[in-house]
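Read the structure below first, then the notes.
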Amino acid sequence: NAGVTQTPKFQVLKTGQSMTLQCAQDMNHEYMSWYRQDPGMGLRLIHYSVGAGITDQGEVPNGYNVSRSTTEDFPLRLLSAAPSQTSVYFCASSALGGGSYNEQFFGPGTRLTVL
Amino acid sequence: KQEVTQIPAALSVPEGENLVLNCSFTDSAIYNLQWFRQDPGKGLTSLLLIQSSQREQTSGRLNASLDKSSGRSTLYIAASQPGDSATYLCALERTNAGKSTFGDGTTLTVKP
């Protein structure tokens with residue numbers, strides 16, 4: 001199993017550009033989520049999904065869109081990049097069942113700089 | 001709104017010392033609590049997951065406890081090693097939906 005994979009690892013954008021951060025998992029997990037990590041702010045939830053076709057907003061959703069057409073993939077779209085979106089973005093997944101199945105697994109992150 | 005606090009923000013200890021990292025939370029209605037490790041420039045690695053109904057979990061030199069009534073969890077690291085140097089994060093899920101609230105982490109340095 002590759003676990004949770006994210007592409008690209010690094011990205012530089014100019015203000016106003018759009019792009020999609022890719023996230024995929026091969027563990028057949030129902031739950032997937034996107035977080036951003038900023039110095040002094042910790043990790044904050046952007047969007048999450050409890051299954052294919054179902055998404056919802058987290059704590060900081062503005063400026064981002066998501067969709068979940070398959071169980072495996074959960075892309076994050078930046079509609080019009082702003083310098084405030086400079087951050088490290090992490091994708092995570094976990095299974096539906098209770099107990100230890102709820103363990104969250106994280107991808108390696110995408111480091112995004114918006115100039 | 002759930003708030004998660006980790007104190008201290010940074011900790012430096014000599015190799016071999018036993019240590020405790022703290023995680024406090026304001027809302028005791030949690031589904032589970034998970035401890036992660038993050039190395040510089042890397043992603044998060046899961047260390048231990050404690051379900052709401054559990055009091056503690058152990059893995060090797062690590063032991064995590066949960067006390068919902070006091071709003072506290074601790075991560076105990078026995079016989080610390082330089083390789084344990086990293087940032088340790090606690091994360092709480094309020095419901096079974098794959099979304100967590102994170103603390104800011106404790107950065108641990110273990111000196112040889």
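Neighbouring Cβ atoms from other chains, within 10 Å of the Cβ of residues in B:40-47, number 5 on average. Computing FRET efficiency as 1/(1 + (r/R0)^6) for residue A:59 and residue B:26, where r is the C-beta to C-beta distance and R0 is 22 Å, gives about 0.90. For residue B:111, the aspartates and glutamates whose Cα falls under 20 Å of its own Cα, not counting residues fewer than eight places away in the same chain, are B:15, B:17, B:39, B:84. Cβ crowding within 10 Å ranks B:35, A:34 as B:35, A:34, fewest other Cβ atoms first.
Using the Karplus relation 6.51 cos²θ - 1.76 cosθ + 1.60 with θ = phi - 60°, the per-residue 3J(HN,Hα) values for segment B:12-25 come to 10, 9, x, 4, x, 6, 7, 9, 10, 9, 10, 9, 10, 9 Hz, with x marking Gly and Pro. With the simple model of a label 7 Å out from the Cα in the direction of the Cβ, residue B:76 to residue A:20 spans 4.9 nm.
Here's the list of lysines a cross-link from residue B:68 could span, going by alpha-carbon distance under 28 Å and ignoring same-chain residues fewer than 8 apart: B:1, B:99. Spin-label model, residue B:55 to residue A:86: label points 7 Å out along the Cα-to-beta-carbon direction sit 4.9 nm apart. Pair-distance distribution of segment A:1-72: all C-alpha pairs, bin width 5 Å, starting at 0; shares per bin in whole percent are 3, 13, 21, 26, 22, 10, 4, 0.
What relative contact order, as a whole-number percentage, does segment B:26-112 give when Cα pairs under 8 Å and 6 or more residues apart are counted? All intermediate terms of the calculation are to be shown ahead of the outcome.
Working: 174 pairs, mean separation 25.7, N = 87.
Reported as a whole number, the value is 30 percent.
Estimated at 0.36 nm per residue, the fully extended path between residue B:18 and residue B:67 surpasses their Cα-Cα distance by 15.6 nm.
Read the figures in this text as sums done on the coordinates, not as results from a lab. Keep in mind that what you see is a predicted model, and the values were worked out from it rather than measured. Don't worry about glycine lacking a Cβ; one is built from the backbone with ideal geometry, like all the others, and counts go over all protein chains shown.
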